[in-house]
Amino acid sequence: MQQSTDQLLGAYRQMKTIREFEERLHKEIMTGEIAGFTHLYSGQEAVAVGVCEHLDDKDLIVSTHRGHGHCIAKGCDVKAMMAEIFGRSTGLGKGKGGSMHIADFDKGMLGANGIVGAGGPLAVGAALSAKLDGEGRVAVSFGGDGSVNQGAVLEAMNMAVVIDAPAIFVIENNGYSEHTGADYAVGSKDIAKRSEAFGMKAIKADGCDYFAVYDAMAELLDHARAGKGPCTAEFITTRFFGHFEGDPQNYRAKDEVKRHRQEMCALKNFRARVAEEKLLDEGQLNAIDNEVLALIDEAVDEARAAPQPSADEITTDVYISYA
Ligand SMILES: Cc1ncc(C[n+]2csc(CCOP(=O)(O)OP(=O)(O)O)c2C)c(N)n1
Ligand SMILES: [Mg+2]
């Protein structure tokens, strides 16, 4: 599917921002300054960006414990995200949620989530509200290869088919659920086919290739927005860091990450494709690289300088009042 120069430059900027955000966090976490668990998204950039390129603020996404990439791709403010992860009051959740609870309803980003598989049911509820609005909006749940073994996800897939909800289950198969290989833990080994068994359209594609993700999603979104029911996309990808920051990764082959950084890098793949097809100029991409690095530097400096929430705010913004 044809994309304009501006769109391609924008997609590259998003992927590069996610990559550098995560590479920098990897270093910052080692200083001990960031509280809580952090799961980095490096390696999976093409999925978040290839999916969200098709969405606007009114479409809804539900993220996972590995959510920074989804947030950036959906348009969340990068500096406010960094501040959130540093636990600062200038953060998207005023510093009270941290990495696994970033949300931005104005951007249609319904939240990261520490409960594996929780996104499935949430997205079906969001998709039902989108269906009732009748404006052609969709809800996308992101989930991993581990999430598809959770009963809640399977129930959500069934429910989505039964009520014909415009829900799209994006499954990022990065090969592992914590330290357990998908090869071992996913029966049938084919997540797309498993979804088809529920009666929905499903596509499997290379999750390290922005163009493959973009094209697969174009087809699925046409289907869902036309009221033809839910769909699944299984994207084969990899993560460049451990399950969480601090994971010694003894379950991976010695040179696996190095090899994947060479062979499965979304940014390298993108650059190779646009050069081959003469779609973009290398200088433009290099300029974006520099701008992104400067943005991440500023985000970290500003986060570090910002205040933490004060003690008297400890119970505010925690519960919603329906009164
Ligand atoms: C209901 C539930 N069970 C177990 C966990 C512990 N846990 C956190 S992440 C994770 C692995 C998830 O794997 P996957 O869905 O493939 O996502 P990935 O980490 O690969 O992005 C597990 C088991 C949890 N958070 N929630
Ligand atoms: Mg996984």
(Q) Mean-square fluctuation check for the chain, GNM, Cα pairs under 10 Å: which of 134, 144, 108 is largest? (A) 134
Q. List the trypsin sites (Lys or Arg not before Pro) in region 135-201 that DSSP assigns to loop (not H, G, I, E or B) and whose Cβ has at most 16 other Cβ atoms within 10 Å. Which are they?
A. 189
Q: Starting from the Cα of residue 193, draw a straight line to each of the lysines and keep only those under 26 Å, dropping any in the same chain fewer than 8 residues away.
A: 131, 201, 204, 228
Q | Restraint check, 189/254; 16/258; 94/254, Cα-Cα greater than 30 Å | A | 94/254
(Q) What number do you get for the chain when its Cα radius of gyration is normalised by 2.2 N^0.38 Å, N = residues? (A) 0.96
(Q) List the residues, sorted by chain then number, that are 5 or more residues from residue 234 or on another chain and whose placed amide H is less than 5 Å from its amide H. (A) 171, 203, 204, 205
**Q.** Free-standing Cys residues across the chain, given no other cysteine C-beta under 4.7 angstrom
**A.** 52, 208, 231, 265
Q. So what are the ³J(HN,Hα) numbers for region 160-166, from phi and the Karplus equation (6.51, -1.76, 1.60; θ = phi - 60°), rounded to whole Hz, Gly and Pro as x?
A. 4, 5, 4, 9, 6, 7, x
Q) In percent, how large is the relative contact order of region 5-303, given Cα pairs closer than 8 Å and 6 or more residues apart? A) 22 percent
Q | Phi to ³J(HN,Hα) by Karplus 6.51 cos²θ - 1.76 cosθ + 1.60 over region 200-207, Hz, x for Gly, Pro | A | 10, 5, 9, 10, 10, 8, 6, x
Q. Using the Cα atoms as the points, what is the convex hull volume per residue of region 258-323 in Å³?
A. 221 Å³
(Q) Taking θ = phi - 60°, what integer Hz values does the Karplus form 6.51 cos²θ - 1.76 cosθ + 1.60 yield along region 242-247, in sequence order, with x for Gly and Pro? (A) x, 4, 10, 5, x, 5
Q: Could you please state how large a percent of the accessible area of the chain is carbon and sulfur, counting protein chains only and using a 1.4 Å probe?
A: 52 percent
Q. Residue 261: net charge of surrounding residues, Cβ under 12 Å, Lys/Arg +1, Asp/Glu -1, itself excluded?
A. +1
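The values are calculated or read from the model by the stated rules, or taken from the named source; none is laboratory data. Being a predicted model, the structure only gives us computed values, none of them experimental. When we count neighbours, we look across all protein chains shown, and the Cβ atoms used for this are built from the backbone with ideal geometry, even at glycine. All accessible areas refer to the heavy atoms of the entire protein, side chains included, with ligands and DNA or RNA removed. Shrake-Rupley method; radii C 1.70, N 1.55, O 1.52, S 1.80 Å.
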